[in-house]
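Just below is one structure, and these are the notes that go with it.
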Amino acid sequence: MTDAGKKPLSKKPLPETLDAQLLRYWEREASRFDGLAAQASFAWIARSYARKAQRARERAERARAKEIARGRLPASGAAEDPAGDSLG
């Protein structure tokens, strides 16, 4: 039998991990809290939402670090500046 009759094995995408889901969730929550902070009527409420957004970003970074350790995300993505500012 020759190899010509065999189908090439298709590489199935890996199932999404809980950390990948958490990464998306916490990034979305941080964005939502930022929006709420911008719309807040009182400064103390805005500061509270800003703190919640920061905690959400920290949790997203923990999930991102786990995904990088698994090799599912490129390590260069973690080194990017989230504000998009260039250092050079």
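Among the chymotrypsin sites (Phe, Trp or Tyr not before Pro) in region 23-74, which ones are in a DSSP loop with at most 12 other Cβ atoms within 10 Å of the Cβ? Mind listing them?
Qualifying residues, ordered by number: PHE42.
Could you line up ILE45, ILE68 from fewest to most neighbouring Cβ atoms inside 10 Å?
ILE45, ILE68
Karplus couplings for region 31-36 from phi (6.51 cos²θ - 1.76 cosθ + 1.60, θ = phi - 60°), rounded to Hz, Gly and Pro as x?
Each residue's phi maps through the Karplus curve to give 5, 5, 5, 4, x, 5 Hz.
Fewest Cβ neighbours within 10 Å first, please rank GLU61, GLU16, GLU27 accordingly.
GLU16, GLU61, GLU27
A short reminder: the numbers here are calculations on the coordinates, not readings from a lab. Nothing here was measured: the structure is a model prediction, and the numbers come from that model. Here Cβ is always computed from backbone atoms with ideal geometry, including for glycine, and neighbour counts include all displayed protein chains.
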